[in-house]
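Submitted below is the structure of interest, expressed as structure tokens.
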Amino acid sequence: MITITSSPVRLSLFTTAFLLFLSSGYSGDLWEPNDSLAQSQELKNQTINDIHTFSSIDSATDEDWLHLSPGGITDKWVSAWIEDLPGGQEGADFDTKLELINGSTGAKVDENDDIGSIRQSGLAGSSFPQGASPTFRVLPFAADDLGPYRLYTLIRSSDPSFVTQDLEPNDNAVQANSLPNGNNFFGTLSGANDEDWINIANPFPLGSEFGVAVKNESSGVADFVVEVFDSTGTQKFLPRLNHDGGTGADDFLVFPLGTINVMNYRIRITSRSGSGNYRVFTGFFTPTDREFHCTPLSPVQIPDNDPGGADRIITVNENIQVDNLNVLVGIEHQNIVDLRLELTHIDSGNTSVLYDRDCFGPDLAVTFDESGRGLICPQHLVGDRFVPSDSFNPFLGKSVQGDWRLRVVDQTSGDTGEVDVWCLEFEEASQISAAPFNCNSPYTGPMSGPIQIKDSTGQGVAFTEDTIVISDQGTIADMNVFVDVTHDSIAQVGLSLTNLESGLSVPLYAGTGCNGKRVSAVFDDEGAAAPCPAIDPMTPILPNAQGASLDTFENRQL
């Protein structure tokens with residue numbers, strides 16, 4: 001909540017368009033109108049990925065309807081859960097209701113429990129028939145359960161060939177049962193002393209969040225716990241399930257991008273109390289505004305010291321233009337200093353070099369992303385994003401339809417390896433050009449459209465300013481600032497907020513070292529650390545300048 005006396009507030013940008021919102025709260029519902037089954041909005045399916053999206057519940061009578069068309073999956077299990085995000089009107093027992101609807105008939109299949117004060121709750125492993133599209137209805141449990149949320153969705157085939165059974169003994173990491181990607185795991189815990197271990201290998205594609213859903217089939221008598229470890233079973237990535245639904249309830253867990261930096265890992269299922277059956281569903285989430293196209297998980301050998309290299313082809317059928325393109329690779333090799341990677345759109349002939357003998361050491365499992373960070377050697381991190389050797393500009397603004405080739409050339413004899421998988425990740429131009437944020441604050445910059453940022457043209461720092469005049473009386477209780485800026489190089493841009501009457505100024509953002517082209521963020525002293533680039537306005541972030549704090553403006557009579 002912001003309450004502020006009459007005073008002008010200025011946003012300064014030094015170094016093509018920007019928007020400023022000084023906000024007491026925010027809304028991120030991109031899908032309206034979607035207030036009924038008839039208005040249900042389709043979440044864009046990924047080729048091999050599961051989906052998450054973000055939206056918001058903005059009033060006690062608001063509801064969101066979203067649906068998926070799961071392609072060729074026949075009878076299936078559907079898991080979905082809500083993660084309530086900070087920034088809303090949070091009641092004493094903050095929770096968001098999620099219902100699973102048969103989109104063909106309108107009948108309710110399942111719904112989550114109002115367990116209160118748990119930011120992640122939902123439904124796991126609900127049976128769903130062939131031909132029906134899973135449809136999700138999101139609404140508040142209570143009038144004060146308002147605000148932004150993420151919706152995670154997992155769809156898994158219920159065909160017996162996709163079900164892996166708990167086979168004893170599997171009571172430690174060494175005895176772990178294997179769970180192929182895309183399958184699900186059925187198990188039984190005989191009591192509080194029993195534990196089941198599952199081995200997950202090659203969690204591709206790389207640039208995604210990893211999620212686990214546990215369906216509790218103990219008829220409400222057991223309290224299960226899911227934990228994720230490294231491949232040795234010794235390093236635990238979280239101390240325990242971070243949002244525990246309690247006895248008899250389904251449990252859900254999401255690891256943010258880059259949290260799990262290993263190629264193989266272990267899942268452990270235990271019970272705090274009671275015995276019973278469970279199912280485990282795992283998945284790798286990407287936002288709904290991204291497409292993933294990947295080769296199958298079938299290794300191709302890289303010929304040793306051969307200029308012909310190893311080629312793998314991806315065919316994209318969609319005739320769409322993109323404004324963002326990233327490349328994910330999973331390569332096993334004894335020494336990647338031998339390797340050169342080239343990306344080619346065969347139909348146009350455009351080529352970019354991704355990697356050119358930059359690092360010593362084994363294996364290359366990263367995402368090449370122009371918004372990533374500078375190359376770090378050795379290269380072992382699953383899910384990390386690094387700048388490619390060449391720009392992706394030859395591919396941007398053009399259709400992605402056609403054949404794409406990744407060529408991996410080993411240029412030195414002695415070391416060998418293979419290409420396990422590679423993926424194209426892209427965003428449509430129409431999707432990322434629109435601001436993914438709706439601000440409901442009355443304190444908005446008086447702009448009829450984008451404002452061009454002045455170029456320094458070699459003459460030192462150039463300032464571009466916009467002013468909001470606020471006439472309300474009172475003092476500031478809390479201040480957050482939403483900014484949406486696009487620029488050819490965010491590394492050249494800085495943002496600051498100034499009260500012109502007092503002269504008090506706070507730096508919000510310095511793009512130094514960030515290779516992105518956009519900042520779209522809510523700056524909030526209770527937010528998370530600022531990523532590079534800052535492009536997710538549904539996750540408030542801290543001002544990234546050292547010592548900067550919007551709390552400086554609080555409790556002031558301005």
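The values are calculated or read from the model by the stated rules, or taken from the named source; none is laboratory data. Remember, predicted model here, so these are calculated numbers, not experimental data. Neighbour counts run over all protein chains shown; Cβ positions are idealised from the backbone, glycine included. Surface areas here come from the heavy atoms of the whole protein model, side chains and all, with no ligands, DNA or RNA. Shrake-Rupley method; radii C 1.70, N 1.55, O 1.52, S 1.80 Å.
Probe 1.4 Å, all protein chains in place: accessible area of TRP77 in Å², nearest 10?
Per-residue accessible area (TRP77): approximately 30 Å².
Looking at the stretch 331-379, what % of the alpha carbon pairs are farther apart than 14 Å? Show your work: numbers first, answer last.
Values: 641 of 1176 pairs.
Looking at the stretch 331-379, the distances longer than 14 Å represent 55 percent of pairs.
Right, next: When the solvent-accessible surface of protein heavy atoms is calculated with a 1.4 angstrom probe, in what order do ILE376, ILE453 fall, highest first?
On the way: ILE376 70, ILE453 20 Å².
Sorted by accessible area, descending: ILE376, ILE453.
Pairs LYS76/LYS108; LYS215/LYS236; LYS454/LYS517; LYS76/LYS97: which exceed 20 Å Cα-Cα?
Violating the 20 Å Cα-Cα cut-off are LYS215/LYS236; LYS76/LYS97.
OK, next. Could you order the peptides 134-143, 168-177, 502-511, 418-427 from most to least packed, using the average number of other C-beta atoms within 10 Å per residue?
Numbers: 134-143: 19.5, 168-177: 15.2, 502-511: 17.8, 418-427: 22.7.
Going from most to least packed, we get 418-427, 134-143, 502-511, 168-177.
Can you list residues whose amide H is under 5 Å from THR164's amide H, if they're 5+ apart or on another chain and H is modeled 1.01 Å from N?
It is ASN184, PHE185, PHE186, by chain and number.
Grab every C-alpha pair in the stretch 151-202, bin the distances at 5 angstrom width from 0 up to the longest one, and report whole percents.
Computed distribution, short to long bins: 5, 19, 25, 22, 16, 11, 2, 0.
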